[in-house]
Amino acid sequence: MKSLKGIGRFELLTAALFACLFSFLKFNQCRSREFSASSTLTYFCYSDIPVFWKTHFLQNHIWPFDFVFIPELSKTINPVEYPVIIGLVIWALSYLTSSAGIPYINYFDVNVVFISLLFVASAYFVYRIKPKYVLLMVFAPAVIMSLFINWDMWAVLPSLIAIYYFDKGKLVLSAIFLSVAISAKFYPIVMLLPICILLIKSRKFTELRNYLIAAPATYLFINLPIIISNFSGWSYFYKGSFNRGVGYGSIWEVFEILGLKLDNVNFYYVLSTFVTFTLISIFFWRNKNFSNLHETVFLSVFAFVAFNKVYSPQFVLWLTPLAVLALKNKRQISIFVVWQLLEATYHLALWRYFYQLGGGQVLFAVSPGYYAMISALRFLTLVAFALSLVLFSRSEHSEIDSSKVKSQKLRK
């Protein structure tokens, strides 16, 4: 691939804004049809954002961590299924939403503006860390398709900032932004594993101590007021995440569709995730090639999502920026491109599969068998990309060593 190192900030800004525009045009197919159920499946443009406006009565600005009983509906509104920061974002942006016209469409539009700004800022930090491959993130088709499904970019940006400051040696700032990310979506907590291993291997024990003080302190500063005032509302997300059943896109759903239903998925989920993290930790510890956070962070997040009980389409927003930061050579780029294309295929297949489940007769409806095959291929290419970071890193190291030996012989 031609080097993109010379790309300027204006070109990057233009590219990122175009990506946001392409994503909005895709979601506008549903927006212009008021996010009707049929439009979300027909045009692949489902979004949680307008759904939350309606199901959580955001026009009433209900506090996101309370159980609120609505007498006229004889119904209790549960807390939001998100950690503190995204819960507060969902609530705060309801105050910026006009009640004129269709409020939940207005709410979607308000969120589009903020998510677009977060995406542009995320692209900028990827550019600051690894300018050569930043456009692979900006124009990744599955990223564009998934940008406005949910509020994930509120966690993606601080995660990237945490990596940026770690690279710069500003570890306390890195710890602060990592805790902000964890308080938005829980997945960035796995970044602590490679951070601790790298600092221990480098014998930077003072820095490790400071990091492990700053990160929990920041997390408590953000979360403690909600924990004290309403522990059940704060913990609603965490309990629900662990107790949820098998969801779409997961390898466990593929097994179920193929007739291999497991009785205790939670046990196998925890076991497979624990084994994956253990193997990765051993590899981090013993391998001298991994001297920075880029590959290690991607592999940690990969371990978190690979055997998750659900694989939502927007998870690609977590993985893609980290994958771009981890890239080192053309062979990895080839696998990255195949993985991204299969992520996009999975995104399209998911909604056509839901359409087929509802009995709809539509062109290119996807049967359970084909959907399971596409989900499995997406999973396998993600695994292949993770393995490429390990295997190609080893071969690169060997090539570097052999070239050093040859140069030393020539000098002699």
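Please sort by residue number the chymotrypsin sites (Phe, Trp or Tyr not before Pro) in the range 23-64 whose DSSP state is loop and whose Cβ has at most 14 other Cβ atoms within 10 Å.
none
Give the peptides 130-138, 248-256 in descending order of average Cβ contacts within 10 Å, highest first.
130-138, 248-256
Which cysteines in the chain lack any other cysteine whose Cβ sits under 4.7 Å from their own Cβ?
Lone cysteines by the Cβ rule: Cys20, Cys196.
Would you calculate, for the chain, the mean residue ellipticity at 222 nm contributed by helices, counting each DSSP H stretch of 4 or more residues as -39,500 (n - 2.57) and dividing by all residues, to the nearest 500?
So the helix-based figure for the chain works out to -23000 deg cm²/dmol.
Apply the a/c threshold of 1.5 to the C-alpha gyration tensor of the range 1-159 and tell me whether it is rounded, prolate or oblate.
prolate
Straight-line reach from Lys185: which aspartates and glutamates have a Cα under 14 Å away, not including same-chain ones fewer than 8 places off?
Candidates past the 8-residue exclusion: Glu81, Asp152.
Put one equal scatterer on each alpha carbon of the range 77-198, apply the Debye formula with no solvent term, and list log10 I(q)/I(0) at q = 0.11, 0.12, 0.21 1/Å to two decimals.
-0.43, -0.51, -1.26
Just want to confirm a number: the relative contact order over the range 56-121, from Cα pairs under 8 angstrom separated by 6+ residues, in percent.
25 percent
Check every DSSP H run in the chain and write down those whose alpha carbon atoms cover 30 angstrom or more along the long axis and whose mean Kyte-Doolittle hydropathy is -1.0 or greater.
Those that pass (Cα extent of 30 Å or more, hydropathy at least -1.0) are 9-31, 103-129, 205-229, 265-286, 330-357, 368-411.
What number, in percent, do you get for the relative contact order of the chain if the mean sequence gap of Cα pairs under 8 Å and at least 6 apart is divided by its residue count?
It comes to 18 percent, rounded to a whole number.
Among the listed pairs Lys132/Lys204; Lys132/Lys168; Lys239/Lys261; Lys26/Lys261; Lys132/Lys201, which have their C-alpha atoms separated by more than 25 angstrom in this model?
Lys132/Lys204; Lys26/Lys261; Lys132/Lys201, as the Cα separations exceed 25 Å there.
Values in this text are rule-based calculations from the coordinates and carry no lab data. Since the structure is predicted, the reported quantities are computational estimates derived from the model, not experimental observations. Reconstructed Cβ throughout: ideal geometry from the backbone, glycine too, with neighbour counts over all protein chains shown.
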